[in-house]
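Enquirer: Structure provided below as structure tokens; questions to follow.
The values are calculated or read from the model by the stated rules, or taken from the named source; none is laboratory data. Note that the coordinates shown come from a computational prediction; the quantities given were computed from them, not determined experimentally. Cβ: placed from backbone, ideal geometry, glycine included. Neighbour counts: every protein chain shown. Remember, those area values only see protein heavy atoms, side chains included, never the ligands or the DNA or RNA. Shrake-Rupley method; radii C 1.70, N 1.55, O 1.52, S 1.80 Å.
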Amino acid sequence: QPNHFSHVKPVRQKWFSCACCPPNIARTLAALGEYVCFTGEDAVYLNLLVGSRFSAELSGKKVTFTVKTGMPFFGNAEIRISNPEGAKGTLFLRIPEYAENPKVFRGEDLLADGPETGYLPIELFGKNETIALHFEMPAHFVYADPNLRAGAGRVAVKKGPLVYAAEQADNGENLAALSVDTTKPPRVYHKEELLGGTDMIVLSGERLSRGDGKSLYRIVKPERIETEIRLIPYCYWDNREPGEMMVWLREK
């Protein structure tokens, strides 16, 4: 039988009567450079760990910063500082809240081990150098407050800055029949062949059996079948085939 999706929207919608998203995306992209970094008096604030190249004036001299990073799947960033005029100042490096066990290196030397989240000030001494940040980003279960009726008894999964979702392409139809065993930790697999290269998170869980399919209600309890639940980043859904998608899954 063909799948019917009258109860859900299985693809991203092209337009809404209140079209706030398209202009907001355009506005965000146009202003992205201002989000990545900004400057203060003899200071540069690196806010977002994205691949970028920018220049700033420190003590009246030009300094160029080149950022290379493995984000959003790998917790590392390398900032190469080109400082031919010997400018001095401060680089304020943001340590994200989701970064666990962060370590900051100046060249080969350990500069900071486990700094608090927020901005780490790094004094620049007027020479070319490399600053590196390394941290862990394990996948976590996220639980809603029980007062949130739609989220009560359900669980989502987050890794670093990304929220993950179950999609029909990986889990079959009727995602509502799935439940997650939160006593077993999420397992992360990086798959280069999937969606241009992405992390897939695999959960342990159960699926309710469909029974004979002849009646909506029955007195026999549905069988619970052990299964694996596969998640991809929410931002990547609907890039393969139409189907259901779910972020908040029932907790076993």
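Enquirer: Residues of the stretch 109-148 being of a type in the set (Gly, Ala, Ser) and either free of Cβ contacts under 8 Å to residues at least 24 places away in the same chain or under 25 Å from PRO161 (Cα atoms) (or both), which ones? Let's see the steps before the verdict.
Expert: Step one: filter the stretch 109-148 for residues of a type in the set (Gly, Ala, Ser), giving 112, 114, 118, 126, 132, 139, 144.
Within the stretch 109-148, ALA112, GLY114, GLY118, ALA132, ALA139, ALA144 qualify.
Enquirer: Answer yes or no: is there a residue in the stretch 146-160 that is closer than 20 Å to ASP238 by Cα and aliphatic (A, V, I, L, M).
Expert: yes
Enquirer: For the condition under 12 Å from VAL247 (Cα atoms), touching a strand residue (DSSP E or B) at 6+ places or on another chain (Cβ under 8 Å) and not in a helix (DSSP H, G or I), what is the one hit in ALA165, ALA176?
Expert: Working: ALA176 fails: not in a helix (DSSP H, G or I).
Within the list ALA165, ALA176, the selection yields ALA165.
Enquirer: Next question. Filter the stretch 213-227 for residues that are exposed (fewer than 11 other Cβ atoms within 10 Å of the Cβ) and either assigned to a loop (DSSP other than H, G, I, E, B) or among the hydroxyl-bearing types (Ser, Thr, Tyr) (or both) and give the result.
Expert: Applying the first criterion (exposed (fewer than 11 other Cβ atoms within 10 Å of the Cβ)) to the stretch 213-227 yields 213-221, 226.
Result: GLY213, LYS214, SER215, LEU216, TYR217, ARG218, ILE219, VAL220, LYS221.
Enquirer: Given the residues GLY114, GLY151, GLY160, which is the only one that is at pLDDT below 95 and open to solvent by less than 20 Å² (accessible area, probe 1.4 Å)?
Expert: Answer to the check: GLY151.
Enquirer: When the stretch 228-252 is examined, which residues are found to be farther than 18 Å from ARG187 by Cβ and assigned to a strand (DSSP E or B)?
Expert: Listed by number, the residues that qualify are MET245, MET246, ARG250.
Enquirer: A further question follows. For the stretch 30-49, state whether one or more residues are touching a Ser or Thr at 6+ places or on another chain (Cβ under 7 Å) and without any contact (Cβ under 8 Å) to a residue 12 or more places away in the chain.
Expert: Checked against the condition, which is being touching a Ser or Thr at 6+ places or on another chain (Cβ under 7 Å) and without any contact (Cβ under 8 Å) to a residue 12 or more places away in the chain, the stretch 30-49 yields no hits at all.
Enquirer: Sort out which residues of the stretch 59-98 are part of a loop (DSSP other than H, G, I, E, B) and buried (at least 17 other Cβ atoms within 10 Å of the Cβ), and write them in order of number.
Expert: Let us first name the residues in the stretch 59-98 that are part of a loop (DSSP other than H, G, I, E, B), namely 59-60, 70-75, 83-87, 96-98.
Once the filter is applied, which keeps residues that are part of a loop (DSSP other than H, G, I, E, B) and buried (at least 17 other Cβ atoms within 10 Å of the Cβ), the stretch 59-98 yields MET71, PRO72, GLY75, ASN83, ALA87, PRO96, TYR98.
Enquirer: Residues in the stretch 168-189: is at least one open to solvent by 70 Å² or more (accessible area, probe 1.4 Å) and aliphatic (A, V, I, L, M)?
Expert: No: zero hits.
Enquirer: Further question: If only one of GLY243, GLY213 is of a type in the set (Gly, Ala, Ser), more than 23 Å from PHE73 (Cβ to Cβ) and free of Cβ contacts under 8 Å to residues at least 12 places away in the same chain, which one is it?
Expert: Working: GLY243 fails: free of Cβ contacts under 8 Å to residues at least 12 places away in the same chain.
After ruling out the rest, the residue left standing is GLY213.
Enquirer: Please go through (1) among the charged types (D, E, K, R); (2) out of contact with any His (no Cβ under 6 Å at 6 or more places or on another chain); (3) closer than 22 Å to HIS140 by Cα; (4) assigned to a strand (DSSP E or B) for LYS103 and return the number of the only condition it doesn't satisfy.
Expert: Exception for LYS103: condition (2).
Enquirer: Additional query: Output the residues belonging to the stretch 138-188 that are within 29 Å of ASN76 (Cα to Cα) and among the basic types (Lys, Arg).
Expert: Result: LYS158, LYS159, LYS184, ARG187.
Enquirer: Also: From ARG149, ARG207, which residue is among the basic types (Lys, Arg) and in contact with a Leu (Cβ under 9 Å, 6 or more places away or on another chain)? Before the answer, list the steps.
Expert: On the way: ARG149 fails: in contact with a Leu (Cβ under 9 Å, 6 or more places away or on another chain).
Testing whether each residue is among the basic types (Lys, Arg) and in contact with a Leu (Cβ under 9 Å, 6 or more places away or on another chain) leaves just ARG207.
Enquirer: GLU136: of a type outside the set (Ser, Thr, Tyr), open to solvent by 70 Å² or more (accessible area, probe 1.4 Å) and at pLDDT below 95, yes or no?
Expert: Working: of a type outside the set (Ser, Thr, Tyr): yes; open to solvent by 70 Å² or more (accessible area, probe 1.4 Å): yes; at pLDDT below 95: no.
Taking the combined requirement at face value, the residue does not satisfy it.
Enquirer: Among the residues in the stretch 35-58, are any modelled with pLDDT under 90 and surrounded by fewer than 16 Cβ atoms within 10 Å (Cβ to Cβ)?
Expert: Applying the first criterion (modelled with pLDDT under 90) to the stretch 35-58 yields 40-41.
Checking the rest, the ones that are also surrounded by fewer than 16 Cβ atoms within 10 Å (Cβ to Cβ) come to 40-41.
Yes, there is a match, as at least one residue in the stretch 35-58 is modelled with pLDDT under 90 and surrounded by fewer than 16 Cβ atoms within 10 Å (Cβ to Cβ).
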